[in-house]
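The values are calculated or read from the model by the stated rules, or taken from the named source; none is laboratory data. Worth saying up front: this structure is predicted, and the values here are computed from it rather than measured. Please note: Cβ atoms are built from the backbone with ideal geometry, for glycine as well, and neighbour counts cover all protein chains shown.
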Amino acid sequence: MHLRILWVGAMLLASGAQAEFSGTGEFGLVINRGNSETEAANSRLELLWEKERWENESTATAVYARDSGTTSANRFALANTLNYSLSERSFAGGSLRYDRDQFSSFRYQASLAAGYGYRVLTGETHRLTVEAGPGYQFAEIRDTGESENQAIVRGRLNYRWQIAEATRLTNRLLVEAGSKNTFAENALALSVAINSRLSLGTGVTIRHNTDVEPDRKKTDTLTTVTLAYNFGAAKNE
């Protein structure tokens with residue numbers, strides 16, 4: 001609850017800043033009818049603003065699937081990162097994350113962290129950013145209702161390869177390592193621009209927890225195909 005309040009506060013702070021927004025909205029849908037009835041939908045919203053040395057990135061993702069009337073996937077996640085540039089390449093900041101998955105070993109996972117980052121590659125073709133820092137993770141075990149809170153070391157890696165004028169490959173890796181559990185998520189995506197606003201994309205996201213209940217799997221994999229709409233100024237990832 002406290003983390004959600006902090007996240008909302010960060011969003012309000014971002015919305016009040018005198019800076020231009022840019023962002024991307026993505027949506028994918030699968031409907032199957034016949035011998036089986038399956039519906040699946042996934043969406044992602046990313047907002048970015050930059051003002052002088054400040055940069056704020058907010059994301060919201062959701063996944064839902066139903067098979068023959070039974071829910072088979074139901075997850076949403078919120079994240080916010082606020083950074084301040086110390087120089088052309090280095091920066092410092094803080095991050096918040098909230099993740100709720102109906103079929104995970106955890107009813108929810110949330111974290112807050114501070115960190116220092118460095119822009120390793122800053123060219124037009126390749127861009128690579130790394131960051132790391134201490135933080136704290138909150139979680140509730142689904143089967144027992146017990147809290148599993150711990151200090152963590154958070155690491156993040158963002159890579160972008162502009163393969164061609166209209167084709168882009170991105171990879172985002174997040175790791176939250178603690179003594180009780182380590183959470184890792186890697187999102188690989190390929191997008192092809194239709195025009196300046198619309199693009200088609202496909203991606204694979206792998207999420208892993210090292211410590212789960214005996215009847216739960218440690219790794220979840222999500223493969224998506226989406227249509228994306230880009231708004232605002234062009235982003236400089």
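Data for the structure
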| item | result |
| --- | --- |
| Number of the exception - residue 130 against (1) touching a strand residue (DSSP E or B) at 6+ places or on another chain (Cβ under 6 Å); (2) over 24 Å from residue 89 (Cβ atoms); (3) not small (Gly, Ala, Ser) | (2) |
| Check on residue 122, of a type in the set (Ser, Thr, Tyr), more than 16 Å from the chain's Cα centre (by Cα), surrounded by fewer than 20 Cβ atoms within 10 Å (Cβ to Cβ) and under 22 Å from residue 168 (Cβ atoms) | yes |
| Counted residues, the stretch 112-135 - those being without any contact (Cβ under 8 Å) to a residue 40 or more places away in the chain, under 20 Å from residue 80 (Cβ atoms) and in contact with a Leu (Cβ under 6 Å, 6 or more places away or on another chain) | 1 |
| Conditions (1) within 17 Å of the chain's Cα centre (by Cα); (2) under 27 Å from residue 20 (Cα atoms); (3) small (Gly, Ala, Ser); number of the one not met by residue 199 | (1) |
| Those residues of the stretch 191-221 which are surrounded by 16 or more Cβ atoms within 10 Å (Cβ to Cβ) and part of a strand (DSSP E or B), in sequence order | 191, 193, 199, 201, 203, 205, 207, 208, 209, 220 |
| Residue in the stretch 58-78 that is nearest to the chain's Cα centre (by Cα), counting only those that are among the polar types (S, T, N, Q) and over 17 Å from residue 106 (Cβ atoms) | 59 |
| Evaluation of residue 142 against (1) within 24 Å of residue 221 (Cα to Cα); (2) at pLDDT 95 or above; (3) buried (at least 18 other Cβ atoms within 10 Å of the Cβ); (4) not polar (S, T, N, Q) (one fails), failing number | (2) |
| The stretch 85-98 residues that are under 13 Å from residue 130 (Cα atoms), paired with ones that are outside any strand (DSSP E or B) and of a type outside the set (Lys, Arg) (beta carbon under 9 Å, 6 or more apart) | 92/86 |
| Some residue of the stretch 60-76 being more than 20 Å from residue 170 (Cβ to Cβ) and in contact with a helix residue (DSSP H, G or I) (Cβ under 8 Å, 6 or more places away or on another chain) | no |
| Condition broken by residue 194, with the remaining ones in (1) of a type in the set (A, V, I, L, M); (2) under 16 Å from the mean Cα position of the chain (by Cα); (3) closer than 25 Å to residue 22 by Cβ satisfied | (2) |
| Qualifying positions in the stretch 24-53 - in contact with a Phe, Trp or Tyr (Cβ under 6 Å, 6 or more places away or on another chain), surrounded by fewer than 17 Cβ atoms within 10 Å (Cβ to Cβ) and aromatic (Phe, Trp, Tyr) | none |
| Hey, residue 66 farther than 22 Å from residue 201 by Cα, touching a strand residue (DSSP E or B) at 6+ places or on another chain (Cβ under 6 Å) and basic (Lys, Arg) or not | yes |
| Contacts under 6 angstrom Cβ, first residue in the stretch 39-61 being touching a residue at least 24 places away in the same chain (Cβ under 8 Å), partner part of a strand (DSSP E or B) and among the acidic types (Asp, Glu), 6 or more apart | 44/26; 48/57 |
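Yes or no, residue by residue, for (1) in contact with an Asp or Glu (Cβ under 7 Å, 6 or more places away or on another chain); (2) on the phi < 0 side of the Ramachandran plot; (3) at pLDDT below 95; (4) among the polar types (S, T, N, Q):
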position: 81; (1), (2), (3), (4): yes, yes, no, yes
position: 87; (1), (2), (3), (4): no, yes, no, yes
position: 90; (1), (2), (3), (4): no, yes, no, yes
position: 94; (1), (2), (3), (4): no, yes, no, no
position: 97; (1), (2), (3), (4): no, yes, no, no
position: 103; (1), (2), (3), (4): no, yes, yes, no
position: 118; (1), (2), (3), (4): no, yes, no, no
